[in-house]
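Before any comments, here is the structure.
The values are calculated or read from the model by the stated rules, or taken from the named source; none is laboratory data. On a predicted model such as this, the values are computed, not experimentally measured, just so you know. Note: ideal-geometry Cβ built from the backbone for every residue, glycine included; neighbour counts use all protein chains shown.
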Amino acid sequence: MMSPVRKFWLQFLGLNLILVIGFLAALNNYTSHGEAIEVPQLVGKSLEEAESILGELELEAVVVDSQFSEGLAPASVVASDPFSGFLVKKGRRIYLTLNLVNLPMVSLPQLTDLSLRKATLDLQNKGLKVGQLIYQPDIAHNVVLSGQRNGLTLDSGTLLPRGTTVDLVIGMGNMDSLVEVPSLIGLTLDEARIFLAESALSLGLVNYLGEVADSSKAQIVRQRPMPGGNKGMIKALEYVDLWLAD
């Protein structure tokens, strides 16, 4: 005769087996016949592209929010809910967040009399970018004299769209002087720009060796001229060519 304890466990296991079989059957029914659709990658797509892609999959695009995301085009998709790779059924609404069309405004920091490194850092902290470096004779050697946009001098506090490029006018005591070539091996391109500017040299040709997945992280593996050549001294504002690789 079966003991009560054994009978209980057999009934318990049988019930759980039925539940598992029922769950698997429901899951199979959900995913069968092409009803389960994987949400595609939509980030970076325009709203029109996202609507077209989702429409072909019999999914519905619904815009629910907007936010600022640097590096993406205005009005492009910055996020989706459900996210890419999630399985949904036909007819499901996919909620989209778009990048702001009107970029947020930021105030230009005080740049005059700063070193290039400090001016660059202050601009980056504001979400602005350093553009061209314009040298002119001045007793204030290697010091920022002003910030410009489209050739016009900008006052500190000027409101600019986030991501705007600001050119910097830098003083140079002697435009005909000889300067030492710095070693740039192992630096990123952005780091090299600052080193060259602080040495009163110009960025020349930029070459990438092989496929580079992320140019912002690629490192310099070769430069011309090399430090130490011709006693390591060249004329101010001369060009330095760079080769970068992952």
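Tell me yes or no: at least one residue of region 76-99 is crowded, with 16+ Cβ neighbours inside 10 Å, part of a loop (DSSP other than H, G, I, E, B) and under 22 Å from the mean Cα position of the chain (by Cα). Even if it seems obvious, please write down each step before you answer.
Restricting attention to region 76-99, the residues satisfying the condition of being crowded, with 16+ Cβ neighbours inside 10 Å are 76-80, 88, 92, 94, 96-99.
Going one step further and asking which of them are part of a loop (DSSP other than H, G, I, E, B), we end up with 92.
Narrowing further to those that are under 22 Å from the mean Cα position of the chain (by Cα): none.
Within region 76-99, not a single residue is crowded, with 16+ Cβ neighbours inside 10 Å, part of a loop (DSSP other than H, G, I, E, B) and under 22 Å from the mean Cα position of the chain (by Cα).
Please pick out the residue among P161, P225 that is modelled with pLDDT of 90 or more and out of contact with any Cys (no Cβ under 9 Å at 6 or more places or on another chain). Reasoning before the result, please.
Values: P161 fails: modelled with pLDDT of 90 or more.
Step by step, each of P161, P225 is checked, and only P225 is modelled with pLDDT of 90 or more and out of contact with any Cys (no Cβ under 9 Å at 6 or more places or on another chain).
Which residue pairs have Cβ atoms closer than 7 Å, lie 6 or more positions apart in sequence or on different chains, and pair a first residue in region 67-89 that is assigned by TED's automatic domain parsing to the domain that holds L54 with a second residue that is of a type in the set (D, E, K, R) and at pLDDT 90 or above?
S76/K45; V77/K45; G85/E38; L87/E38
Going by what's in this entry, would I220 be described as of a type in the set (A, V, I, L, M, F, W, C), in contact with a Leu (Cβ under 6 Å, 6 or more places away or on another chain) and outside any loop (DSSP other than H, G, I, E, B)?
So I220 fits the description; yes.
Going through L168, L184, L201, L205 one at a time, which residue ends up being in contact with a strand residue (DSSP E or B) (Cβ under 6 Å, 6 or more places away or on another chain), exposed (fewer than 14 other Cβ atoms within 10 Å of the Cβ), modelled with pLDDT of 85 or more and not polar (S, T, N, Q)? Reasoning before the result, please.
Details: L168 fails: exposed (fewer than 14 other Cβ atoms within 10 Å of the Cβ); L184 fails: exposed (fewer than 14 other Cβ atoms within 10 Å of the Cβ); L201 fails: exposed (fewer than 14 other Cβ atoms within 10 Å of the Cβ).
Result: L205 is the single residue among L168, L184, L201, L205 that is in contact with a strand residue (DSSP E or B) (Cβ under 6 Å, 6 or more places away or on another chain), exposed (fewer than 14 other Cβ atoms within 10 Å of the Cβ), modelled with pLDDT of 85 or more and not polar (S, T, N, Q).
Out of region 216-243, which residues are within 30 Å of Q136 (Cβ to Cβ) and in contact with a Phe, Trp or Tyr (Cβ under 9 Å, 6 or more places away or on another chain)?
Once the filter is applied, which keeps residues that are within 30 Å of Q136 (Cβ to Cβ) and in contact with a Phe, Trp or Tyr (Cβ under 9 Å, 6 or more places away or on another chain), region 216-243 yields I220, Q223, R224, A236, L237.
Here's a check for you: in region 29-56, which residue that is over 20 Å from G85 (Cβ atoms) and over 26 Å from the mean Cα position of the chain (by Cα) is modelled with the highest pLDDT?
N29
Identify, from the list T112, T165, the residue that is over 17 Å from E70 (Cβ atoms) and either among the β-branched types (V, I, T) or within 22 Å of the chain's Cα centre (by Cα) (or both). Can you show your working first?
On the way: T165 fails: over 17 Å from E70 (Cβ atoms).
T112 is the lone residue from the list that is over 17 Å from E70 (Cβ atoms) and either among the β-branched types (V, I, T) or within 22 Å of the chain's Cα centre (by Cα) (or both).
Identify all residues within region 146-164 that are under 19 Å from L133 (Cβ atoms), in contact with a Leu (Cβ under 8 Å, 6 or more places away or on another chain) and in a strand (DSSP E or B); write none if there are none.
Across region 146-164, the qualifying residues are S146, G147, Q148, R149, L154, L160.
Can you tell me which residues in region 100-119 are surrounded by 15 or more Cβ atoms within 10 Å (Cβ to Cβ) and assigned to a helix (DSSP H, G or I)?
Of everything in region 100-119, those that are surrounded by 15 or more Cβ atoms within 10 Å (Cβ to Cβ) and assigned to a helix (DSSP H, G or I) turn out to be L116, A119.
Given (1) under 30 Å from A140 (Cβ atoms); (2) in contact (Cβ under 8 Å) with a residue 60 or more places away in the chain, identify the lone condition not met by D113.
For D113, the failing item is (2).
Of all residues in region 120-135, how many are closer than 16 Å to L201 by Cβ and surrounded by fewer than 16 Cβ atoms within 10 Å (Cβ to Cβ)?
Residues meeting the conditions: 2.
Looking only at region 177-189, decide whether some residue is more than 23 Å from P104 (Cβ to Cβ), under 20 Å from the mean Cα position of the chain (by Cα), touching a residue at least 24 places away in the same chain (Cβ under 8 Å) and part of a helix (DSSP H, G or I). Spell out the reasoning first.
Taking region 177-189 and keeping what is more than 23 Å from P104 (Cβ to Cβ), we get 177-189.
Still in the list and also under 20 Å from the mean Cα position of the chain (by Cα): 187-189.
Checking which are touching a residue at least 24 places away in the same chain (Cβ under 8 Å) leaves us with 187-189.
The next check asks that each one be part of a helix (DSSP H, G or I); those that pass are 189.
Yes, there is a match, as at least one residue in region 177-189 is more than 23 Å from P104 (Cβ to Cβ), under 20 Å from the mean Cα position of the chain (by Cα), touching a residue at least 24 places away in the same chain (Cβ under 8 Å) and part of a helix (DSSP H, G or I).
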